[in-house]
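Values quoted throughout were computed directly from the atomic coordinates according to the rules given, and no laboratory measurement underlies them. Note that this is a predicted model, so its numbers are computed, not measured. Cβ atoms come from the backbone with ideal geometry, glycine included; neighbour counts cover every protein chain shown.
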Amino acid sequence: MEYNKKYKSPALAVDGIVNIDNRLLLIKRKNPPFKDFWAFPGGFVDYGESTEDAIIREVFEESGLKTEIESLLGVYSNPNRDPRGHVVSIVYILKYIEGSPKGSDDAKEAKFFSIGDIKNMNLAFDHKSIFKDYLKFKLGQY
């Protein structure tokens, strides 16, 4: 199937939430936009890659953690959520399998933060909204 190139399309990204004992994995961004801000690990989906494979790959590349998908949290499609342009992110809740967090690839650092600490942090992109949605989901109020 050939795609009609005259229409602009949003870019597709994924983000992942990994929770161990009510501590969530965040990465410190190495590059703009939001350089040095904390964010949930994630990134762009490669052409020919499923979003499910992309989130597992991105979390591993940025943090060194092996994970598997537990559930879908939501789709975030506000055209202004990313200063680089219209980026739609599919956000997954992930189950920790193994590994110790260590920043690599696009991440300077990777570490777990308490939910209380994250409530007081400024996160990159719209990740504070994603965090709030995750809390609602976790508490069964979603």
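R0 = 41 Å: FRET efficiency of ASN120 with LYS6, Cβ-based, nearest 0.05? Mind dumping the intermediate values first?
Working: r = 46 Å, r/R0 = 1.12.
Working from the Cβ atoms, E equals 0.35.
Once the Cα atoms of helix 51-63 and of the chain are each reduced to a long axis, what angle between those two axes, in degrees from 0 to 90 to the nearest 10, is obtained?
The answer is roughly 50 degrees.
Rank LEU72, TYR47, PRO101 by how far each Cα sits towards the positive end of the charge dipole of the stretch 14-138 (+1 on Lys, Arg Cβ; -1 on Asp, Glu Cβ) and give me just the farthest.
Highest projection toward the positive end goes to PRO101.
Quick check on the stretch 51-142: take the gyration tensor over C-alpha atoms, sort the square-rooted eigenvalues as a ≥ b ≥ c, and tell me if it's rounded (a/c under 1.5), prolate or oblate. Intermediate results must be reported in sequence, preceding the final value.
On the way: a/c = 1.30, a/b = 1.17, b/c = 1.11.
Rounded shape, in that the Cα axes give a/c under 1.5.
By how many nm would the segment from LYS95 to LEU72 grow when fully extended, if each residue of separation counts as 0.36 nm and the alpha-carbon distance is taken off?
Values: separation 23, 0.36 × 23 = 8.28 nm, distance 1.18 nm.
Gain on stretching LYS95 to LEU72: 7.1 nm.
For the stretch 31-62 and the stretch 106-142, write down the distance between their C-alpha centroids in whole Å.
16 Å
What pairs from LYS8/LYS35; LYS66/LYS119; LYS8/LYS95; LYS66/LYS136; LYS30/LYS128 go past 23 Å between their alpha carbons? Walk me through the intermediate numbers first.
Values: LYS8/LYS35 27 Å; LYS66/LYS119 26 Å; LYS8/LYS95 35 Å; LYS66/LYS136 25 Å; LYS30/LYS128 19 Å.
Going by Cα-Cα distance, LYS8/LYS35; LYS66/LYS119; LYS8/LYS95; LYS66/LYS136 fall outside the 23 Å limit.
Rounded to the nearest 5, what % of the DSSP beta bridges within the chain are antiparallel ones?
Details: 23 of 32 bridges.
Rounded to the nearest five, the antiparallel share is 70 percent.
How much FRET efficiency would the formula 1/(1 + (r/R0)^6) give for LYS132 and ILE20, where r is the Cβ-Cβ distance and R0 is 30 Å, rounded to 0.05? Show your work: numbers first, answer last.
Values: r = 20 Å, r/R0 = 0.66.
Using R0 = 30 Å, I get an efficiency of 0.90.
Sequence gap at least 6, Cα distance under 8 Å: using those rules, report the relative contact order of the stretch 14-138 to the nearest whole percent. Walk me through the intermediate numbers first.
Details: 251 pairs, mean separation 40.3, N = 125.
Relative contact order comes out at 32 percent.
What is the dipole size for the chain, taken about its Cα centre, with +1 at each Lys and Arg Cβ and -1 at each Asp and Glu Cβ, in debye to the nearest 20?
Values: 21 positive and 21 negative charges, 123 e Å.
Dipole about the Cα centre, nearest 20: 600 debye.
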